[in-house]
Amino acid sequence: MVIKGAIFDMDGTLVDSLGIWDVIWERLGERFAGDKDFRPDAVTEKAIRTSTLFDGMVLLHEKCDIGRDGMELYTVANSICENFYIEEVELKDGVREFLDHCLEKGVKMCVASATARPLIDIVMKKFELDRYFPRIFSCAEIGKGKEHPDIFIMAHEYLGTPKESTWVFEDSILSLETATRAGYKTVGVYDKYNFNLDKVEQISTEYIGEGDSLARLNALI
């Protein structure tokens, strides 16, 4: 396993943050639907969670007819996320150890995330990740989600590493499928809050399963 370049997703890959969606649905349900058990149908939820937060809230308004508009939902959801990231989010097990190892071995690294840039910045500052990631790519800034390969291609161009030794680290089946179609090797990361966990394992070049951590890959670099 040769890794010269590494493109990391953030939520569910570097940080244990996907539980935020349970909080978002509960808070939005209480405020806009009068139901703390509110949750969109599975198809809508998947579409929302694989979009930027703003686009997801626009879709939520359209599909579930809650809130005045998508902007109102986004403002509330973004505030929920900010508090959650500041107070509760932690790095996933083994992440710091693995990033230190990559840095020591000269692996070039960056982040490619669908998360809004201000939320990414909270994580970067909270865990002092700038030393690993001199460049951040955000779907919101690029204007395309991870159903398109653009963010991976731009991140790879920035790294300037050979494609055959540039790996994409992701927890999402949609993102892993996109990266695979674009010709990248992948590391799939288990997260209990994600969709299609069996497919995540099947499609990944390397897989970090339940109870495992990225640090397992240290010996392979």
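Computed quantities for the displayed model
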| quantity | calculated |
| --- | --- |
| Dipole-positive endmost among Asn78, Pro118, Gly29 within the chain (Cβ charges, Cα centre) | Pro118 |
| Potential extension, Lys36-Glu141 segment - 0.36 nm per residue separation minus Cα distance | 34.6 nm |
| Segment 26-148, relative contact order [Cα under 8 Å, separation at least 6], % | 21 |
| Electrostatic dipole magnitude of the chain [Cβ: Lys, Arg +1; Asp, Glu -1; Cα centre; debye, to 20] | 700 |
| Loop trypsin sites (Lys or Arg not before Pro), segment 1-80 (other Cβ atoms within 10 Å of the site Cβ: 16 or fewer; DSSP) | Lys36, Arg68 |
| Inter-part distance where segment 159-198 and segment 64-143 are each reduced to a Cα centre, Å | 17 |
| The chain: relative contact order as a whole-number percent, Cα under 8 Å and 6+ apart | 26 |
| Sparse-neighbourhood loop sites, GluC sites (Glu not before Pro) in segment 80-109 - DSSP loop, at most 13 other Cβ within 10 angstrom | Glu88, Glu90 |
| Two-decimal Rg to Rh for segment 52-119 - Kirkwood Rh, Cα set | 1.16 |
| Dimensionless Rg over Rh [segment 45-86; C-alpha; Kirkwood] | 0.98 |
| Neighbour cut-off at most 15 other Cβ (10 Å), DSSP loop, GluC sites (Glu not before Pro), segment 121-157 | Glu128, Glu147 |
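Values in this text are rule-based calculations from the coordinates and carry no lab data. Because the structure is a prediction, the values reported are computed rather than measured. Methodologically, a virtual Cβ is constructed for each residue, glycine included, from the backbone with ideal geometry; neighbour enumeration extends over all protein chains shown.
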